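Notes follow once the structure below has been shown.
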Amino acid sequence: MQKSTALVLIALLAASLSCTPKQPSDQTASKPVESATPVTDRGTSEDLNPQLEEKWEAFYRSKYDTGDTLVVGTIGDAESLNDLTHVTSSAADIISLLFLQLTRTNPDFSHGPALARSWQFSPDHLELTFKLRDDVTWHDGVKTTAQDVKFTFEKQTDEVIAWSAIKWKENIKECVVVDDTTVKFIFKKVYPYQLMDAVVGVILPKHLLEKVPSAEWKSCEFNRNPIGNGPFKFKEWRAKEAIEVVASEKFYRGRPPLNRIIFKVVPDQENLVLQLKTGQIDFMEQVPPKFFEELSHNRDLVPYVFPSRTYVYIAWNLKNSLFQSKKVRQALTTAMDRQEIIDARLYKFAEICKGPISPIIWAYNPNLPDFPYDPEKARKWLAEEGWKDSDGDGILDKDGKRFEFTIQTNQGNKIREDITVIVQNQLKKVGISAKPLILEANTFFSNLNKKEFESAVAGWFVGLKMEMTTIWHSRSLNDKFNHVYYSNPEFDAVNDQACDEMDREKARKLWWRAQEIIVEDQPYTFLYVPKQINFLHRRFKNVQMETIGWSYNIEQWWAPKDQQKYR
Amino acid sequence: MRTFILRRLLVSAVTLFGLLTINFFIIHLAPGGPLEIFDNPDMSAEVRKLILKSYGLDQPLPIQYWSYLKSMCRLEFGYSIAKKRPVADEILDTLPNTIQLSMLALSLELSLGIIIGIVAAVRQDSHLDKTLRLSSLTLYSIPEFYLGLLFLLLFAGGVGALAWLPPSGMVDLVAYDSMGFFEKLADRILHLILPCMTIALGGAASISRYMRGQLLEVIRQDYIRTARAKGLSERAVIFKHGLRNALMPIITIIGLSLPVVFSGTVIVENVFGWPGMGRVAVDAAFQRDYPIFLAVNLMFGALVVAGNLLADILYAVVDPRVRLS
């Protein structure tokens, strides 16, 4: 699941029509399944997690039925099923069924064997050697070998192909084939994320792609007609309508229980939810919270709720004279009742967010200082900074300048649109005038990247790697992702030290400190971490849905014979 | 007649060129770009530049425009940036679906509109007429996306357990492959009903009002009175003498309906998940996928121009006075 690694700005397009959910009264409502595995410290280690490996293996010793079709409803069609040219998570979800990675990333970020049976670092920790399985074949019958791994690495780092995760491989010097089932990655330096960097991305078939010139990858036949080596095999792509994959009989673990998985594209969210209710789709990811109550009364559906990997924030442009004082930014956060946003617009399906690191990452600091809602304190802090309502118009001013600004966000995401209005109201109470400015998504993201905004509501999809440089470091000041022009030498020093620290406990302390510095500075007002709500038909068994990805163990899902709905 | 057609063709060509130029500059001057939405920090600035270069987007706008014109002369549409495939492929996949939907919707719209118009005119000022006029005005005023949602709720399982009609797509994805020929046909028709009705009803409403007005005007003419005086049956008067003359202006309306029908497909394709070119157009506009946006809009433009051309020619065939002007 390649997208699971990247840090991406999100523009979740939520439905624009509202619908009031029923009052929670029905006692038969299903209880959500909370299945997120606690995070351990195995993210960068080469050791396996024995419990998770045992759980994975136990399935193959258990009794299960084969057959049935899973119909997944998605808003958007995929664009390419080639790992190196795809861009959306719709595509990433399907790619992860068709292709194998060297290792499987577990919910606790530990690595389990997949294409690689085992792996080992050299004593100087600069070489990582993978021992591959010899019984994996491509769906056209050709064997998967170390040559494919080397070929994939070369293409992943080919700038002309421009893989979106190309940066993950920047510290790898080369990939060397030792023999058909042994392959070695040689690194430029020793750092904590070597294993993760080496295994990111799926392995591609050399024999099918080596003749395609790099410049032609962006539109080659393989993008729409992929041949993989994973548990499922590509069958048909009906453009803008559906993608169908079927169980691969040749899969090295034996065929997966489900016969087929159909990804059905329904661009309209109301329609998608309707089809979930009527049973025309079996699964929907990221169901908007407003539908939860209604759907949880449906006896055929099981809700899966877990923390998502996104956080939503308000960015303060530090180049703007209004937001240059740390005290003022802290006052802005203190003036905001974030719980009101969560209760009113997310139906409580979110947690207040305190800092820039997702709680699912090992280095998350649970003891970060917070700025709880307190309009009195906010007013006091603003007054200390010289912001007073001297002309009696209800808006604070200082040296003749009124505390007035716009909050931008993207159209199509109803929750964010509403946040701008709620925040407008809340800030008005302390004498600040914030005007919502809803822009077409592409225009908004372009403004954000060009840093042409005063303040903005946006969200980050967080990667699995502990990484703060791109968004916060002074080095990134002129890059587009440091949207707010954040720069603090103390942070830079702690961050740089943490990046190279191999000792996990020492690194953790440094990362905790780095988060404290950011939170103290409040360049963002961190709003909340939404929960992800997924609904799945009840007949599917052995489902392990996780923050790391809903389809983590989809090759082990099965439906009992007497409950199967399709062939 | 030949000069008339030639002149019309020339005008069409100029129109298309204008359309192509305006489209080109509108989309390129719109804020944002093709990489904004998918951009992520793992992509380095150099890679970003290389991507833009590979699509020729690093050149100054006039040069891009010139190379665009050149590629249009060779009928090359280039490569989609967001869809990772040739633009022509994306259009070939979706254009037939849009034509299928819009042509069926147009025929439905015309037949419904004409029939309702005749009934309303013949029964002028009756309760039936008043009901038809009121309901057509109501239907005409409902936006298509709303009508679509209403249909979804009523006929596709939104209310209670009634799921009469499929809510999205062209076929039943799970079972289609194992169906026989007639089952397949029936399945396709079932999937067409909701999107077709959504597009057609509003248009039918407006055509029926046109039709009613035209027919009422014609019925008042002297030759109709003569026909009646001759003792022809009412049926013959209306259908043989009245309708034939009243239908003439409707031909113009067909030409004018085409853009409305196509813009209708853009919305309806999204509501009902119909895999057509309207959705390609919307996605391309949001993603600033320049090559595909330009090609799709040119296609829609060409279809509308062709429709108008056809209507003009048909009209000239029916009414020789037009050719003189």
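The values are calculated or read from the model by the stated rules, or taken from the named source; none is laboratory data. Just so you know, these numbers come straight off a predicted model, no measurement behind them. Because the Cβ atoms are built from the backbone with ideal geometry, glycine has one as well, and the counts that use them run over all protein chains shown.
Answer with yes or no whether B:Asp319 is over 22 Å from B:Val218 (Cα atoms) and either out of contact with any Gly (no Cβ under 7 Å at 6 or more places or on another chain) or within 14 Å of chain A (Cβ to nearest Cβ) (or both). Against the criterion (over 22 Å from B:Val218 (Cα atoms) and either out of contact with any Gly (no Cβ under 7 Å at 6 or more places or on another chain) or within 14 Å of chain A (Cβ to nearest Cβ) (or both)), B:Asp319 does not qualify. Taking only segment B:299-325 into account, find how many residues are buried (at least 20 other Cβ atoms within 10 Å of the Cβ) and aromatic (Phe, Trp, Tyr). So the answer is 1.
So that you can scan it fast, the table gives a plain yes or no per residue for (1) assigned to a helix (DSSP H, G or I); (2) of a type in the set (S, T, N, Q); (3) within 26 Å of B:Phe24 (Cα to Cα):
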residue: B:Val237; (1), (2), (3): yes, no, no
residue: B:Thr252; (1), (2), (3): yes, yes, no
residue: B:Gly278; (1), (2), (3): yes, no, yes
residue: B:Val282; (1), (2), (3): yes, no, yes
residue: B:Pro291; (1), (2), (3): yes, no, yes
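Among the conditions (1) within 30 Å of A:Ile75 (Cα to Cα); (2) touching an Asp or Glu at 6+ places or on another chain (Cβ under 6 Å); (3) of a type in the set (A, V, I, L, M), A:Leu396 misses just one, which is (1). Of all the numbered requirements in (1) in contact with a strand residue (DSSP E or B) (Cβ under 8 Å, 6 or more places away or on another chain); (2) under 30 Å from B:Pro166 (Cα atoms), B:Ile254 misses one, and that requirement is (1). Checked against (1) surrounded by 19 or more Cβ atoms within 10 Å (Cβ to Cβ); (2) modelled with pLDDT of 90 or more; (3) among the polar types (S, T, N, Q), A:Gln120 passes all but condition (1). For segment A:399-422, a tally of residues being part of a strand (DSSP E or B) and crowded, with 17+ Cβ neighbours inside 10 Å returns 6. Look at A:Val177 and say whether it is part of a strand (DSSP E or B) and touching a residue at least 24 places away in the same chain (Cβ under 8 Å). So A:Val177 passes the test. Looking across segment A:157-180 at every residue that is surrounded by 18 or more Cβ atoms within 10 Å (Cβ to Cβ) and over 21 Å from the mean Cα position of the chain (by Cα), the one that is nearest to the other protein chains (Cβ to nearest Cβ) is identified as A:Ile161.
The rows are residues; the columns are (1) buried (at least 19 other Cβ atoms within 10 Å of the Cβ); (2) more than 24 Å from B:Ile193 (Cβ to Cβ).
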residue	(1), (2)
B:Lys240	no, yes
B:Leu258	yes, no
B:Ser263	no, no
B:Pro275	yes, no
B:Asn297	yes, yes
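Counting the residues of segment A:250-278 that are among the hydroxyl-bearing types (Ser, Thr, Tyr) and within 11 Å of chain B (Cβ to nearest Cβ) gives 1. Among the residues making up segment A:219-231, a single one is touching a Ser or Thr at 6+ places or on another chain (Cβ under 6 Å) and under 18 Å from B:Arg85 (Cβ atoms): A:Asn223.
Would you tally the residues in segment B:239-250 being assigned to a helix (DSSP H, G or I) and out of contact with any Phe, Trp or Tyr (no Cβ under 9 Å at 6 or more places or on another chain)? Residues flagged as assigned to a helix (DSSP H, G or I) and out of contact with any Phe, Trp or Tyr (no Cβ under 9 Å at 6 or more places or on another chain) within segment B:239-250 amount to 6.
Of all the listed residues (A:Ile243, A:Ile227), the sole one being buried (at least 22 other Cβ atoms within 10 Å of the Cβ) and touching a residue at least 24 places away in the same chain (Cβ under 8 Å) is A:Ile243.
Here the condition is being of a type in the set (Gly, Ala, Ser) and either within 14 Å of chain B (Cβ to nearest Cβ) or under 22 Å from A:Asp93 (Cβ atoms) (or both); of A:Ser321, A:Ser296, A:Ser308, A:Ser325, it holds for A:Ser308 alone. Among the residues of segment A:314-370, the ones that are within 26 Å of A:Phe405 (Cα to Cα), touching a strand residue (DSSP E or B) at 6+ places or on another chain (Cβ under 8 Å) and of a type outside the set (S, T, N, Q) come to 18 in all.
Only one entry of B:Pro249, B:Pro291 meets the criterion of being touching a residue at least 24 places away in the same chain (Cβ under 8 Å) and surrounded by fewer than 23 Cβ atoms within 10 Å (Cβ to Cβ), and that entry is B:Pro249.
On the given criteria, is A:Val457 in contact with a Gly (Cβ under 7 Å, 6 or more places away or on another chain) and touching a residue at least 40 places away in the same chain (Cβ under 8 Å)?
The answer is no for A:Val457.
Considering segment A:532-546, the residues that are surrounded by fewer than 22 Cβ atoms within 10 Å (Cβ to Cβ) and closer than 18 Å to A:Glu351 by Cβ include one that is farthest from the chain's Cα centre (by Cα), namely A:Asn534.
Evaluate segment A:233-241: report whether one residue or more is farther than 27 Å from B:Glu90 by Cα and not aliphatic (A, V, I, L, M). No, because not a single residue in segment A:233-241 is farther than 27 Å from B:Glu90 by Cα and not aliphatic (A, V, I, L, M). Residue check: is B:Leu134 surrounded by 13 or more Cβ atoms within 10 Å (Cβ to Cβ) and farther than 24 Å from A:Arg260 by Cβ? Answer is no for this residue.
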